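Asker: My questions all concern the structure below.
Nothing in this text is a laboratory measurement; each read-out follows from the coordinates by a stated rule. None of these values were measured; they are calculated from a predicted model. Ideal geometry is used to build each Cβ from the backbone, glycine not excepted, and the neighbour counts take in all protein chains shown.
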Amino acid sequence: MSTEFRTRDSRFMSSQNSKPKRRWTYVVIALATIGVVTFSVFAAIPKQTPTTSIASSTLIGKQAPDIIGMTQNSSRYNLGKLKGNYVFVNFFASWCVPCRTETAAIESFLAKAPKTIFANHVSIVGVTVNDRSASAAQFVRANSISWPVIFDGSGVIGLSWGVGSPPQTFLVAPNGNVITRIVGPVTEGGMMSLMNLAYSTYGP
């Protein structure tokens, strides 16, 4: 085989080998773009309080980490079984002062949600962060929290969600993907705005 044919052959093989790499590059870019667009859409929402902001997260655009455990009512909770609905995942602690304020806001949101377009398509689950189970249980009782709460004594759930300190709240879409992260206490109006935007963007 001449030098010319060997050169052409090596160029052809190099071109063929590079195609799968290019395809994966395009896939990675597309996925990254989806995450950026999702974050950008929700970042446009005004701050819920002066100390609250829509924040970026490596979880946005990805399947939500598992949340499985027993609630304050001794019922078994599994986030994965709630696909088809929007879920606010609220991380809190009994020692967290802003968490006390947002508890009333969440209750108000839940009271008004049945009269909205997303009435039967949204729920909330609370997860404790760096808290003793006894203290968290007392907080739940004192504030008459009606939504399910998971006592994450080991910190495994908070770690998988990248939560260091409360309050932080994530919104999970019906397909199970995380679509936004809120750092700081949520408000009733802020949660309504997020749900209206999410519902109009992703549907029921």
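Asker: For Val122, what residues show an amide H to amide H distance below 5 Å, using hydrogens built from the backbone and excluding near sequence neighbours?
Answerer: Here the answer is Tyr86, since their amide H atoms fall under 5 Å of that of Val122.
Asker: Something else: What list of ³J(HN,Hα) couplings, whole Hz, do you get for segment 55-71 from phi and the Karplus terms 6.51, -1.76, 1.60, once you set θ to phi - 60° and write x for glycine and proline?
Answerer: Those phi angles translate into 10, 6, 7, 5, 7, 4, x, 10, 5, 5, x, 4, 10, 10, x, 8, 8 Hz.
Asker: Here's something else I'd like to know. Treat each spin label as a single point 7 Å out from the Cα along the C-beta direction, and report the Ser56 to Ala137 distance in nm.
Answerer: Rounded to a tenth, the inter-label distance reads 4.2 nm.
Asker: Separate question: Could you derive backbone 3J(HN,Hα) for segment 161-177 from the dihedral phi with the Karplus parameters 6.51, -1.76 and 1.60 (θ = phi - 60°), listing whole Hz in sequence and x where the residue is Gly or Pro?
Answerer: Per residue, the Karplus-derived 3J(HN,Hα) values read 9, x, 9, x, 9, x, x, 9, 9, 10, 10, 9, 7, x, 7, x, 8 Hz.
Asker: Counting only DSSP beta bridges with both residues in segment 45-202, what percent are antiparallel, rounded to the nearest 5?
Answerer: Around 65 percent of the beta bridges assigned by DSSP in segment 45-202 are antiparallel ones.
Asker: Based only on the alpha carbon positions, what is the Kirkwood hydrodynamic radius of segment 52-204, in angstrom?
Answerer: About 15.3 Å, per the Kirkwood formula over Cα pairs.
Asker: Here's something else I'd like to know. Explain nothing, just compute: Karplus ³J(HN,Hα) = 6.51 cos²θ - 1.76 cosθ + 1.60, θ = phi - 60°, for every residue of segment 95-106 in order, whole Hz, x for Gly and Pro.
Answerer: Each residue of segment 95-106 in turn: 8, 8, 4, x, 5, 5, 5, 6, 4, 5, 5, 5 Hz.
Asker: Starting from the amide H of Val149, placed 1.01 Å from N in the peptide plane, find each other amide H under 5 Å away whose residue is 5 or more places distant or on another chain.
Answerer: Placed amide hydrogens put Gln72, Asn73, Gly126 under 5 Å from Val149.
Asker: Continuing with the same structure: Let me test this: with uniform point scatterers at the alpha carbons of segment 124-204, what is the Debye-based log₁₀ I(q)/I(0) at q = 0.25, 0.27 1/Å?
Answerer: -1.32, -1.39
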